[in-house]
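Okay, so here's the structure we're looking at.
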Ligand code: GUN
């Protein structure tokens, strides 16, 4: 080590915002191509039930991005009192609408609505969230090319490949969290890339030891700064899906800040690359939603689909 250098190597920061901007730029170009080739502009319908503040923000961002890219973008905003039958009727109407290629029902739904029933009502070809059992199953049997894949894990995989290249074969990957939206599809994607995949969860024994073996860690548990620096193998790549708001009294009374599932400073001193929170995985989710909607539109038009 030369004099004056820090004793702790600093990981490269994976700029999810920049990668997401590249993806959406490609979606815009390919959308132009699809329309020139005689296809329809990709159409995205977002359905929001109730008045959850966070959901309103997410849905607004999705709709704005779709319009910005020249998509046909519609939003159905329904009151909390909307019945399950009414939501199902809207999904059916969107399934039949040839101008709509992607249907996204924002989760969580109010408690009186059966989420599985609604997801299963969506035409799998329009299921741009990748939550329908048909799409989950296609991913699981290795038919990713015919599936639509959950946006957040698809974005995480792209970020990993930005750092390690396209060939991940033989890497030890640890996915922390087993949700249907992130953990499980993430594990399937990494398995498809021939990684040796471990899925850890709240009942796993000795998580730090599992983490120390991993070349790739994807943390998606929703526990603020759970993954510590001494859990990380030197040179590992860390993808932090966590978005946890915690009190930040140092910023003033009642103030909060956003942190991931990884203790960033500690982990960044050991890892080779790490996603920040915010600005890492978050922006990739919307970018992949746009990519999925374009993919669905290309398939509907019988045109070749771009690879992301
Ligand atoms: N709520 C939180 N994340 C998501 C998501 O990826 N899709 C949908 N539909 N709802 C969500």
Report task. Consider residue 159 carefully, then state whether it is away from the ligand (no atom under 12 Å from the Cβ), in contact (Cβ under 8 Å) with a residue 24 or more places away in the chain and surrounded by fewer than 24 Cβ atoms within 10 Å (Cβ to Cβ). Result -> yes
Requested in this report: Quick one: in segment 80-102, of everything that is touching a strand residue (DSSP E or B) at 6+ places or on another chain (Cβ under 8 Å) and more than 27 Å from residue 35 (Cβ to Cβ), which residue is surrounded by the most Cβ atoms within 10 Å (Cβ to Cβ)?
Outcome: 87
Report summary line: Those residues of segment 57-81 which are touching a helix residue (DSSP H, G or I) at 6+ places or on another chain (Cβ under 9 Å) and within 16 Å of the ligand (Cβ to nearest atom) amount to 58, 61, 62, 65, 66, 73, 74, 75, 76, 77, 78
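Yes or no, residue by residue, for (1) over 19 Å from the mean Cα position of the chain (by Cα); (2) away from the ligand (no atom under 16 Å from the Cβ); (3) touching a residue at least 40 places away in the same chain (Cβ under 8 Å):
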position: 114; (1), (2), (3): yes, no, no
position: 120; (1), (2), (3): yes, no, no
position: 134; (1), (2), (3): no, yes, no
position: 141; (1), (2), (3): yes, yes, no
position: 181; (1), (2), (3): no, no, yes
position: 189; (1), (2), (3): no, no, yes
position: 199; (1), (2), (3): no, yes, no
Query raised in the report: Out of (1) under 18 Å from residue 43 (Cα atoms); (2) assigned to a helix (DSSP H, G or I); (3) over 19 Å from the mean Cα position of the chain (by Cα), the odd one out for residue 125 is which?
Result: (3)
Report task. Could you name every one of the strands (runs of 3 or more DSSP E) located completely within segment 208-308 that has at least 2 residues being touching a residue at least 60 places away in the same chain (Cβ under 8 Å)? Result -> 237-240
Requested in this report: Tally the residues that are touching a strand residue (DSSP E or B) at 6+ places or on another chain (Cβ under 6 Å) and buried (at least 24 other Cβ atoms within 10 Å of the Cβ), restricting the search to segment 224-235.
Outcome: 1
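Name the single residue, out of those in segment 103-112 being in a loop (DSSP other than H, G, I, E, B) and within 12 Å of the ligand (Cβ to nearest atom), that is surrounded by the most Cβ atoms within 10 Å (Cβ to Cβ).
Going through the qualifying residues, I end up with 109.
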Report task. Would you mention how many residues in segment 16-58 are touching a strand residue (DSSP E or B) at 6+ places or on another chain (Cβ under 6 Å), under 16 Å from residue 292 (Cα atoms) and either part of a helix (DSSP H, G or I) or free of Cβ contacts under 8 Å to residues at least 60 places away in the same chain (or both)? Result -> 1
Query raised in the report: When residue 203 is evaluated against the numbered criteria (1) in a loop (DSSP other than H, G, I, E, B); (2) without any contact (Cβ under 8 Å) to a residue 24 or more places away in the chain; (3) within 16 Å of the ligand (Cβ to nearest atom), which criterion, by number, is the only one it fails?
Result: (3)
Query raised in the report: Are any of the residues in segment 298-306 surrounded by fewer than 24 Cβ atoms within 10 Å (Cβ to Cβ), at pLDDT 95 or above, within 22 Å of residue 168 (Cβ to Cβ) and under 19 Å from the mean Cα position of the chain (by Cα)?
Result: yes
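The values are calculated or read from the model by the stated rules, or taken from the named source; none is laboratory data. Computed from a predicted model, the values in this text were never measured in an experiment. Glycine gets a Cβ as well: all are built from the backbone with ideal geometry, and neighbour counts include every protein chain shown.
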